[in-house]
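The values are calculated or read from the model by the stated rules, or taken from the named source; none is laboratory data. As the structure is a computational prediction, the values presented were derived from the model and not from experiment. Reconstructed Cβ throughout: ideal geometry from the backbone, glycine too, with neighbour counts over all protein chains shown. To get the accessible areas, we keep the full protein, side chains included, count just its heavy atoms, and leave off ligands, DNA and RNA. Shrake-Rupley method; radii C 1.70, N 1.55, O 1.52, S 1.80 Å.
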Amino acid sequence: LPEVIGLLHLADWTRLSLSAEVRFESGRAALLIAPGGHYRMERQDEDGVVQGNDGQHGWTWWPSGRSEPSAAEVGLNDGRPVAVLFCPQDLLDGYVLEILGPVTACGRAAIAIAATPRAGDRLHEYVEAAVDAELGILLRREERFRGQLLAVTELTDVTMNPPAAADPAGFTAPPGSHFREAPGEALSSPDGSKAMNVMDLAAGGLGALIKHAPHFPGRDADSDHAEAA
């Protein structure tokens, strides 16, 4: 458990160089990430919504003539790629973690975990995930409620250090894109008007490590606090 908590806490997509295919409940997307906070994700459907980050600004593009994409279509884009997978620190805030054992996902070594919310009003929620044993990102995340599967988000293919990640032009926003100046802000149209409001997912930090420390079995709470720090 301490190892998994450390992996989740240190997961940092801005340092990654990889390509992957992402599977959502609503379809699939091709994803490319490069160090420095660069990413590009293109939906593989007829709507052709593309989103990304050029290292400074998050952006979303959709073809002219179609309606503004919904939050579900762009994954609540706040300048981060698929936050439920690549920014897993939310599992360190408000969840009790259980180790299920080693697994293989996307051909990579991973650790299966279960996460149950601490809050009383979410007792019927439940998350199962596969944590990449090297990177700390989630290779798969299942969300359940009262035993029923609500959503699955997963990577179905991962390639580390793909040649395409070395080309900065691949992360440049296409003409007509809508930009976000900072995480959590509304997307701005090319003319400066606001196009979309989104949620900024909360991320756990060192406090989550300390919060979990007293729950390590057979350990003294004070020593756990010191070790976590």
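Return yes or no: is LEU150 open to solvent by 70 Å² or more (accessible area, probe 1.4 Å) and either hydrophobic (A, V, I, L, M, F, W, C) or not in a strand (DSSP E or B) (or both)?
The answer is yes for LEU150.
Are there any pairs, at least 6 apart or on different chains, whose C-beta atoms fall under 6 Å, with the first in the range 1-15 and among the polar types (S, T, N, Q) and the second open to solvent by less than 50 Å² (accessible area, probe 1.4 Å), and if so, which?
Taking only residues 6 or more apart or on different chains, the pairs are THR14/GLY37.
So, restricting to strands (runs of 3 or more DSSP E) that lie completely within the range 1-98, which ones have at least 2 residues that are modelled with pLDDT of 95 or more and touching a Gly at 6+ places or on another chain (Cβ under 7 Å)?
38-43
Could you give every pair whose Cβ atoms fall below 8 Å, whose first residue belongs to the range 142-165 and is touching a residue at least 40 places away in the same chain (Cβ under 8 Å), and whose second residue is part of a strand (DSSP E or B) and loosely packed, with under 15 Cβ neighbours inside 10 Å, counting only separations of at least 6 or pairs across chains?
THR156/ARG28
Mind counting the residues in the range 38-52 that are touching a residue at least 40 places away in the same chain (Cβ under 8 Å) and open to solvent by less than 20 Å² (accessible area, probe 1.4 Å)? Outline the logic, then answer.
First, the residues of the range 38-52 that are touching a residue at least 40 places away in the same chain (Cβ under 8 Å): 38-41, 50, 52.
Within this subset, residues satisfying the condition of being open to solvent by less than 20 Å² (accessible area, probe 1.4 Å) are 39, 41, 50, 52.
The total comes to 4.
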